[in-house]
Amino acid sequence: MGCEGYSAIARVYDRLGAEIDYEGWASFAEACFDRFLPARPKLVLDLACGTGRMTRALAARGYDMIGVDGSAEMLSEACALPHDGILYLMQDLRSFELYGTVGAVTCCLDSINYLLTEQDLHACFSLVHNYLDPGGLFFFDVNTPFKFATVYGQNAYILEDELTDGDGTRSVYCGWQNDYSPETGICDFELSLFEQLPSGDYRRSDEHQQERCYSLDILQRTLCSAGLEPLGVFSDFQFSAPTETSERWYLCAKAVKAPAANCAVLP
Ligand SMILES: C[S@@+](CC[C@H](N)C(=O)[O-])C[C@H]1O[C@@H](n2cnc3c(N)ncnc32)[C@H](O)[C@@H]1O
């Protein structure tokens with residue numbers, strides 16, 4: 001099993017996302033643990049951990065970490081860095097298996113949007129429920145319908161950066177064309193990566209990724225049917241309520257004994 005769409009990008013993922021504030025993400029995840037758990041979790045699963053930046057940020061705060069991702073290339077980037085106290089597993093979000101339960105599960109940077117059907121979403125949430133201690137916390141985020149419609153839409157973007165290694169400093173460009181269909185809720189991303197080689201020539205790699213837009217209603221109902229009770233939906237790291245123009249929703253849910261018929265969906 002492999003996770004396509006992150007083969008070439010894995011080499012430059014951390015560089016192109018250098019400005020992403022993973023310490024802020026880790027602080028907010030901890031704030032959610034504090035708010036919704038009776039005690040600090042010891043073992044945390046970081047689902048779709050990618051190159052492990054969030055996994056390492058949480059490990060540095062003293063949590064024992066498991067990182068699960070479906071991309072061998074993203075995991076090799078993670079494993080190339082010191083990872084004492086972190087167990088990385090190459091597994092699919094829809095079928096992963098752990099040795100036991102964990103106190104909390106994180107899944108960051110819209111990784112849940114990579115699940116393209118409600119069945120896949122349910123399979124993933126059911127496994128999260130399965131591997132969470134009773135009362136354990138699931139913290140994840142998604143891109144909102146507003147972001148799919150306005151930021152992605154049919155727009156094209158280019159990211160430009162420089163890579164420095166033993167061969168000097170070279171340019172890297174990543175361009176992507178979006179094609180979002182409101183009918184299917186699927187957004188296709190055609191990515192082209194141009195990496196300057198030591199010779200000065202450029203190597204081009206093309207990748208295709210897809211994300212699915214989910215309404216809050218579907219997310220919460222799927223959580224409920226998987227035995228995860230929604231506890232809150234926020235639009236930033238200060239626990240603010242979402243607005244119509246929020247680009248990201250942060251959700252917290254707790255594992256309950258069994259899928260509850262009366263599980264409350266938040267307004
Ligand atoms: C946007 S990246 C986020 C990575 C990481 N969470 C971060 O914050 O940097 C999405 C990740 O989801 C992983 N992914 C997507 N679909 C997956 C699936 N079905 N099973 C496992 N991993 C998947 C990709 O390999 C990629 O590493």
With a point put 7 Å past each Cα toward its Cβ, work out how far THR164 is from SER181 in nm, to one decimal. 4.5 nm
Please compute the contact order of the stretch 147-212 in relative form: average sequence separation of alpha-carbon pairs under 8 Å and at least six residues apart, divided by the residue count, as a percent. 27 percent
With the crude spin-label approximation of a point 7 Å out along Cα→Cβ, what separation in nm comes out for ARG35 versus THR243? 1.8 nm
Using a ≥ b ≥ c from the Cα gyration tensor of the stretch 1-135 (square roots of the eigenvalues), is it rounded, prolate or oblate, where a/c under 1.5 gives rounded and otherwise the larger of a/b and b/c decides, a/b for prolate? oblate
Neighbourhood net charge (14 Å Cβ-Cβ; Lys/Arg +1, Asp/Glu -1) for LEU163: -4
Cβ-based net charge around THR55, under 10 Å, with every Lys or Arg adding one and every Asp or Glu removing one: 0
Assuming R0 = 51 Å, what is the FRET efficiency of SER199 and ALA149, from their Cβ-Cβ distance, to the nearest 0.05? 0.75
Calculated FRET efficiency, SER76 and ASP133, Cβ-Cβ r, R0 51 Å, to nearest 0.05? 0.95
Fully extended, how many nm does the chain gain between GLU97 and GLU190 (0.36 nm per residue separation, minus their Cα-Cα distance)? 30.4 nm
Grab the other residues whose beta carbon is less than 12 angstrom from that of SER246, score K and R as +1, D and E as -1, and report the net. -2
Please list 149-159, 81-91 highest first by mean number of surrounding beta-carbon atoms within 10 Å per residue. 81-91, 149-159
Along the charge dipole of the stretch 147-212, Cβ charges K/R +1 and D/E -1, which of GLY168, PHE148, PRO198 sits furthest on the positive end? PHE148
I'd like to compare 184-192, 241-249: which one has the highest average count of other Cβ atoms within 10 Å, and what's the full order after that? 184-192, 241-249
Taking the 0 to 90 degree range and rounding to the nearest ten, how far is the long axis of helix 22-36 tilted relative to the main principal axis of the chain, both from C-alpha atoms? 0 degrees
Computed over the stretch 147-212, the distribution of all Cα-Cα distances in 10 Å bins, rounded to whole %, is 21, 40, 23, 14, 2
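Values in this text are rule-based calculations from the coordinates and carry no lab data. None of the values given here were measured: they were computed from a predicted structure. Here Cβ is always computed from backbone atoms with ideal geometry, including for glycine, and neighbour counts include all displayed protein chains.
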